[in-house]
Amino acid sequence: MNLASLGLAGAVTAGVVTALVAVLVPVRARPVVTGAGLVLTGAAGVAAGAAGLAGVTFSVSWPAVLPLTGVAFGMDQLAGLFLAVTGGVALIAGVYGVSYSRHGRAAQATLPLFVVAMLLVPAATSVGTLLVCWELMALTSLLLVLAEHRQRPEVAVAGRWYAVLTHLGFATILCGLLILVAHAPGDSFADLRAAPLPGGVAGLVFVLTLVGFTSKAGILPLHAWLPRAHPEAPSHVSALMSAAMVNLGVYGVVRVGLDLLGGGPRWWWLVVLGLGAVSAVYGILQAAMSTDLKRLLGFSTTENLGLVLVGVGAAGLLAAGGQRVLAGLALAAALLHVVNHAAFKTTLFLAAGSVLHATGVRDLDQLGGLRRGMPVTTAVFGWGALAASALPPGTAFVSEWLLLQALVHGVPEGGGAEAVVMPVAVAVVALTAGLAVATFVKAFGVGFLARPRSRQAGEAHESPPSMLAGMVLAAAVAAVLAVLPTLVLPAVGAAAAVAVGGGPATSGVLTVRLTGVAGELSPLVYAVALLAAVVLVLGGLRATATRRARRAARLWDCGGGPLSARMEYTATSFAEPLQRVFDDVLEPEQDVTVDHVEESRYLVRAVEYRRAVPDRVERRLYPPVIAALRAWGEAGRRLATGSVHRYLGYGFYTLCGVLLVLAVIS
Amino acid sequence: MNVAGGVVQAVVVVGGAPLLVGVMRQVRARLEGRAGPGIGQPWRDLRKLLGKEPITPRGTTELFRLAPLVSLATVLVVAVVAPFVTTVPTVGPAADLFAVVALLALGTVVLALAGLDTGTAFGGMGASREVTILALVEPTLLVAIFALSVRVGSTNLGAIMTATVEDPARVISPVSLLAAVALVVVTVAENGRLPVDNPSTHLELTMVHEAMVLEYAGPDLALVELASAMRLAVFLGLLGNLFLPWGLATGTDPVALAVGVLALVVKVGVLGALLAAAEVFLAKLRLFRVPELLAGSFLLSLLAATAAFFLA
């Protein structure tokens, strides 16, 4: 037994025991028990992951536990990274949930099981184990999405979408991995790595698993569940799903594509990069248009995971071209973004949960002025928004800088495809970063600053202490990652090296130095310099400006009387210029109805204006598929008329057919 | 560490930026047949504003008061770390082009938040427009940077400029020319100059930057004005040094620094005068025509980036 296996065993035990206890204890003690159990599970997960990142490995296999496949777990740096991230998010969600969660027995008991399933997925080292854990994760998360189905009817719709899409993804992963196993001596990962695969089969396996794993990561076109399920789930579950579960989709792509299949041809990674780029831009555009705070955060997850896939795709592309060092850098950038995204998205979702807790409103157009009632939540959300918008000294800035460095340096000698792909990828990252700034200025500026736009927002009050503690903890982690990314970068580099080989991608303690190529960045210097500059400017102002007292004054209202909250800019109006610019991409639906006075057509009684920005990909892509399936189902109905003779006939003909086929091929 | 260089750069940018604005206004005035107030007028304005009492509009939070400080601080940091007078880095490895661009964006973002914080229609309108333009400028800016740094193999500003000094033929290469045109459009858009925004407009509905900072008065307004002047100086200085890096000091001795300061003043002055002269002949574009301009400049920067591969 070493720390990694001990930690994992501890996490599983703690999770399962918490689930059992949560069922048994009385209502009042339940949140505390679940929260404490979740903290223990998460802490054990972090310990196991940290040990794995430090290089501790283990491998266990119990062939008798599960029929046919058995169960096998193990640990390497790549698994350790995802374990640590999941554990960390679970720990914070546990602290937060103590005073947040007022859900029923089933939801409270499912939460620790969900965390356990997420911890086991990266630790699985055989196809059978992976699939079982994956499905367990899907089912438990589905139950959690449905936790509030009695309160709101939309929850059931979201749950249906999630159930269908997640199982569609599971089915493709199942098919892909079974094809892979059929060509290997066994179903353990070691067997699969050694299996000789024909190129066509490898391509098929990769595409099938890619579809499944990207559907879990919220990547286009199978993203439709994400902006539905995240808003409807309880907020700490949203945080767990958005910051921990979607990462496992990336884990799957990296594990199968780069590790088990060992790289593969260029077109695989061009597909991955393309999917990532499209998802990043589309996700952030939808987020910029969204007025529902949690839906906005959900689309931002699609964006960030898209950026991660851009990094993974670039890593695969560079590895296929033989540039191991740069591939390591690109993958390290992608994995660091996974870690950073987990930190700031947890922060943001927990802060959004606090807003929802205080006001019951998710609509940004009705929020505003929360600064007065909820100072801590406002500060935490503001910090999370800065972290998410890739500006220094925020968290995402470091990983996006690394990603850009990998793309800038990823110049193969005389490669034609890359010469076009890399600049376009840079443009995508840049556009995404720009739109992310707009999105989070909107979310923070409209949601938290200015004056309240509704009664609920005006009466907002700060959340209970455990929720604040959870949020502040998440924000603190994001701050550490922002200023000292060098604390985790060696471990992230080691995890990347598992998949693409090569040495550590970066070095340095206070400064991030790239290995093999020129480039260095010190987030700490920027943070300190900014602080020093603010102090300097303040000093200069004190020295030069007059020392008269501040006076409160009226806002400029064009002389038209006091401004009311209805005159403020809302989230919708804030996003309107962007919506006009991207009109052709978004295809918004607008509807203006003018009511005239009965006596005269020239006098207007009322004007009604409606606007909605539906998810265009979903609207274009899904209905034809659903219609086709329905038509198929209708056609199938004609075969089953209820006549027993007919059914016996089917059996007879099928048997004859099978015998004929067997006679021909054997 | 190169403390002297950093201090000299900061002093030159802080002291010179209002004069640059003065020069530009004077050029414009003369071309329009007016006498003009003289190039020292922006400094006199700042002094007057600093002497007025500070005003807090009702209903604003501390973010409104902090925003001018942070906005000025970001430009100040850029003025210290980026190579304007000398290529010797001031504070460690901070002169990264991506980081400099992101820092300047941070300055815009805090002002946009302050605009929203006032809760007036004008503040929100200015913030929304400014942020939209910022989002659309970003791709042009980063791809142009990409084109410039691919040849050098580094995004460090000092490295890019040194490489150009060593190989002057780069300046007239298609990559440089395309990237230069793209970056000029970026500079115009990021600083709210014509034809994207009119810095001297008096009609709230057409304002972009001015609407966002409409509620500022007194010393706060002085900071905002100084920051926006410094921003313009920083952009023009980067433009000048990226494409015409001659005169940049490579050491820290006083003579080289003096030459560097002189070169910077000449470059920024000439670029500013040219920009002001060009503005006389331009009218402001409608807000929704601005994306077309930016799309054009994005295309140029993308061409520059692909040219960097194929013509290298």
> Ordered by packing density, taken as the mean number of other Cβ atoms within 10 Å over each peptide's residues, highest first, how do A:581-590, B:52-61 rank?
Replying inline: B:52-61, A:581-590
> Roughly what would the spin-label model give for residue B:202 and residue B:273, points 7 Å off Cα along C-beta, in nm?
Replying inline: 2.9
> In nm, what is the difference between 0.36 nm times the number of residues separating residue A:20 and residue A:156 and their Cα-Cα distance?
Replying inline: 46.3 nm
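With Cβ to Cβ distances under 13 Å as the rule, what net charge do the other residues near residue A:375 carry (K, R +1; D, E -1)?
0
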> Relative to the longest principal axis of chain B, what angle (0 to 90°, nearest 10) does the C-alpha long axis of helix B:97-117 take?
Replying inline: 10
>> Please compute the modelled spin-label separation between residue B:48 and residue A:456, points set 7 Å along Cα→Cβ, answer in nm with one decimal.
In response: 4.9
> Peptide A:170-177: average number of partner chain Cβ atoms within 10 Å per residue?
Replying inline: 0
>> Taking the beta-carbon count within 10 Å as an exposure proxy, list A:480, B:109 from fewest neighbours to most.
In response: A:480, B:109
> Using +1 on the beta carbon of Lys and Arg, -1 on that of Asp and Glu, and nothing else charged, what's the dipole of the protein assembly as shown about the Cα centre, debye to 20?
Replying inline: 1420
> Helix A:523-544 versus the longest principal axis of chain A: what angle, 0 to 90°, nearest 10, using Cα atoms?
Replying inline: 0
> Rounded, prolate or oblate: which one fits the range B:87-141, using the alpha carbon gyration tensor with axes a ≥ b ≥ c (rounded when a/c is under 1.5, else prolate when a/b beats b/c, else oblate)?
Replying inline: oblate
> Mean separation of Cα pairs under 8 Å and 6+ residues apart, divided by the residue count of the range A:59-163: what relative contact order is that in percent?
Replying inline: 26
>> I'd like to know which of A:449, A:86, A:659 lies farthest towards the positive end of the charge dipole of chain A, counting +1 on Cβ of Lys and Arg and -1 on Cβ of Asp and Glu.
In response: A:449
> Taking K and R as +1 and D and E as -1, what net charge do the other residues with C-beta under 13 Å from the C-beta of residue B:192 add up to?
Replying inline: -2
>> Need one value for A:540-547: mean number of C-beta atoms belonging to other chains within 10 Å of its residues' C-beta atoms.
In response: 5
>> Between 0 and 90 degrees, rounded to the nearest ten: what's the tilt of helix A:199-216 against the longest Cα principal axis of chain A?
In response: 40
>> How long are the semi-axes of the equivalent ellipsoid of the range A:202-274, taking √(5λ) for every eigenvalue λ of the Cα gyration tensor, in whole Å from largest down?
In response: 27, 12, 8
>> I'd like to know which of B:103, B:120, B:290 lies farthest towards the positive end of the charge dipole of chain B, counting +1 on Cβ of Lys and Arg and -1 on Cβ of Asp and Glu.
In response: B:290
> Extension gain residue A:190-residue A:653, at 0.36 nm per residue separation less the Cα-Cα distance, in nm?
Replying inline: 162.3 nm
> For the peptides A:616-627, A:263-274, what is the packing order when you average, over each peptide's residues, the other Cβ atoms within 10 Å and list the highest mean first?
Replying inline: A:263-274, A:616-627
>> Classify the range A:412-499 from the C-alpha gyration tensor, please: rounded if a/c falls under 1.5, else prolate or oblate depending on whether a/b exceeds b/c.
In response: oblate
> Given the Cα-Cα distance of residue A:2 and residue A:544 and 0.36 nm per residue of separation, how much length would full extension add, in nm?
Replying inline: 188.8 nm
>> Suppose every Lys and Arg Cβ carries +1 and every Asp and Glu Cβ carries -1, with no other charges. What dipole size does the range B:3-310 come out with about its Cα centre, to the nearest 20 debye?
In response: 600
>> Starting from the 7 Å offset along Cα-to-Cβ, what nm value, one decimal, do you get for the label separation of residue A:68 and residue B:293?
In response: 6.5
> How high is the FRET efficiency between residue B:11 and residue B:41 when r is their beta carbon distance and R₀ equals 25 Å, given to the nearest 0.05?
Replying inline: 0.75
>> On a straight-distance basis, which lysines could pair with residue A:294 in a cross-link, Cα separation under 19 angstrom, same-chain partners fewer than 8 positions away excluded?
In response: A:216, A:345, A:442
>> Counting C-alpha atoms alone, how compact is the range B:3-310: give Rg to one decimal and Dmax as a whole number, in angstrom.
In response: 18.9, 59
>> Counting only other chains, and only Cβ atoms inside 10 Å, what mean value do you get across the residues of B:98-108?
In response: 6
>> Give me the percent relative contact order of chain B, please, defined on Cα pairs under 8 angstrom at least 6 residues apart.
In response: 29
>> Around residue A:423, under 15 Å between beta carbons, what's the net of Lys plus Arg minus Asp minus Glu among the other residues?
In response: -1
>> Once R0 is set to 51 Å, what does the formula 1/(1 + (r/R0)^6) return for the Cβ-Cβ distance between residue A:60 and residue B:166, expressed as a FRET efficiency to the nearest 0.05?
In response: 0.30
>> Quick check: from the Cα gyration tensor, does the protein assembly as shown come out rounded (a/c under 1.5), prolate or oblate?
In response: prolate
> Taking the Cβ-Cβ separation of residue A:664 and residue A:637 as r and a Förster radius of 41 Å, what is the calculated FRET efficiency to the nearest 0.05?
Replying inline: 0.80
> Ranked highest first by the average count of other Cβ atoms within 10 Å around their residues, in what order do A:343-352, A:211-220, B:194-203, A:559-568 fall?
Replying inline: A:343-352, A:211-220, B:194-203, A:559-568
> Hey, what did the range A:234-344 get for relative contact order, percent, Cα under 8 Å, at least 6 apart?
Replying inline: 29
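Throughout, read-outs are computed from the coordinates displayed, never taken from laboratory work. Since the model is a prediction, treat every value here as computed from it, not as a measurement. So basically every Cβ, Gly included, is an ideal-geometry build from the backbone, and we count neighbours across all protein chains shown.
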